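Let me begin by presenting the structure, written as C-alpha cells, before commenting on it.
The values are calculated or read from the model by the stated rules, or taken from the named source; none is laboratory data. Since the model is a prediction, treat every value here as computed from it, not as a measurement. Here the Cβ positions follow ideal geometry from the backbone for every residue, glycine too, while neighbour counts run over all protein chains shown.
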Amino acid sequence: MATMSHPQHFMNTSGETDSVWVHKEPYSNRPHFPKLDKDIEAEVCIIGSGIAGVSSAYELVTRGVMVTTIEAREVVSGKSGRTSGHLSSALDAPYTDIAKIHGSGGAKIAAESHAWALKRVGEISKKLGFGCEYRMLPDYEISQFE
Ligand SMILES: Cc1cc2nc3c(=O)[nH]c(=O)nc-3n(C[C@H](O)[C@H](O)[C@H](O)COP(=O)(O)OP(=O)(O)OC[C@H]3O[C@@H](n4cnc5c(N)ncnc54)[C@H](O)[C@@H]3O)c2cc1C
C-alpha cells in the first residue's frame, strides 16, 4: 500500500513526488487563500483551481463577471501543477476519431478551439508577464508504424 509522506504534500500536489521545478519555485511561493467560512454571493462558482478553473475564472473576471473559485486543496495542486506544459492542437485522440463521434463539424470545433487556446495562453502570459518561456515551435508527428 502506498503511503503519503506528509499530509501537506497531498494539499500541494496530486503526485507522490515533487516536480523538478518545485526545487526552484517552491509551493510556498504560490498564492494561498483563506478557507471559505461564510456565505458569499457570486454570479459564477467554479469548482477546482487547475488550468481549467483558473482559465475560466480569468476569462469571466476580465469580462466583468463576479466569480468565486472553490478549491479542495491548494491552487494548482492537481494535474496542472505537474504538467510538462506542451500545448498542441494535435490531440491524443485523432481528429478522425473525434469526427466519428461528433461529426466533421465537431472535429472542426475541437481543432479551432485548441488552436485558439494555445494562442490565448501566449497572449495572457505576455500581457501578465509570466516567465513561462512560452514559445511557438514546429511540431512533428512520428508514426510508430512503418
Ligand atoms: C506529468 C504530467 C504531464 C502532462 N503534460 C501535459 C502536456 O504536456 N500537455 C498537456 O496539454 N497536458 C499535459 N498533462 C495533462 C494536463 O496537465 C491536464 O490535462 C490539466 O492540467 C488538467 O487541468 P484541470 O484544471 O482539468 O485539472 P487539475 O489541474 O487536476 O485541477 C483540478 C482541481 O480541482 C480540485 N478539485 C477536485 N475535486 C474538487 C472538489 N470536489 N471541490 C473542490 N476542488 C476540487 C483539485 O484539487 C484540483 O486542484 C500532463 C499531466 C501530467 C500529470
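Structure notes:
- Within the stretch 1-56, restricting attention to residues that are among the β-branched types (Val, Ile, Thr) and part of a helix (DSSP H, G or I), the residue that is farthest from Glu71 (Cα to Cα) is Val20.
- Scanning the stretch 118-128 for residues that are assigned to a loop (DSSP other than H, G, I, E, B) and polar (S, T, N, Q) turns up nothing.
- Residue pairs whose Cβ atoms lie under 7 Å apart, sitting 6 or more positions apart in sequence or on different chains, and linking a residue in the stretch 133-146 that is farther than 12 Å from Ala90 by Cα to a partner that is surrounded by 10 or more Cβ atoms within 10 Å (Cβ to Cβ) and not polar (S, T, N, Q), are Tyr134/Val121; Tyr134/Gly122.
- Check on Glu59, in a helix (DSSP H, G or I), acidic (Asp, Glu), at negative phi and under 15 Å from the mean Cα position of the chain (by Cα): yes
- Residues located in the stretch 68-94, provided they are more than 8 Å from the ligand (Cβ to nearest atom) and either modelled with pLDDT of 95 or more or loosely packed, with under 15 Cβ neighbours inside 10 Å (or both): Thr68, Thr69, Ala90, Leu91, Asp92, Ala93, Pro94
- Any hit, the stretch 23-43, residues being surrounded by 16 or more Cβ atoms within 10 Å (Cβ to Cβ) and more than 16 Å from the chain's Cα centre (by Cα): yes
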